[in-house]
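Report on the following structure.
Here, each number is a calculation from the coordinates, and none is a lab measurement. On a predicted model such as this, the values are computed, not experimentally measured, just so you know. Virtual Cβ from ideal backbone geometry, glycine too; neighbours counted across all protein chains shown.
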Amino acid sequence: MMKVGVIGGSGLDNPDFFEQPREETVMTPYGAPSSPLIHGGIAGREVVLLGRHGQEHTITPTRVNYRANVYALKQAGCTHILATTA
């Protein structure tokens, strides 16, 4: 079954559009991802959201731990990743 991971950039890191959101803090071999994972659903599809620049939007593009972000979504069972940009 497909499970989508979304790495949300500026403006697309808000879980308000999720059905039954729940937050999970994780650690990876590459360190902590940019933000906790937000698990939920959109139109019946499982989705995991990760805010690229952190919950408070404090991580600059050059400081994003991309390896940890992708690893965390893979560990969460995501089969596909959508990465948005501004």
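7 Å from Cα along Cα→Cβ at both ALA83 and ARG67: what's the point-to-point distance in nm?
Reported label-point gap for ALA83 and ARG67 is 1.4 nm.
By what distance, in whole Å, do the Cα atoms of the chain stretch along each of the three principal axes, largest value first?
On the principal axes, the chain reaches 34, 27, 20 Å in Cα extent.
Would you mind working out the magnitude of the charge dipole of the chain relative to its Cα centre, with +1 at each Lys and Arg C-beta and -1 at each Asp and Glu C-beta, to the nearest 20 Debye?
340 debye
Please check which bits of the stretch 49-86 a label hung off GLU19 would reach, taking the label as a point 7 Å along Cα-to-C-beta and the cut-off as backbone N under 12 Å.
none
If you take every DSSP beta bridge fully contained in the chain, what fraction is antiparallel? Give it as a percent rounded to 5.
55 percent
Binning at 5 Å from 0, report for the stretch 28-76 what percent of all alpha-carbon pair distances ends up in each bin.
P(r) over the stretch 28-76, rounded to whole percents: 5, 22, 29, 22, 14, 6, 2.
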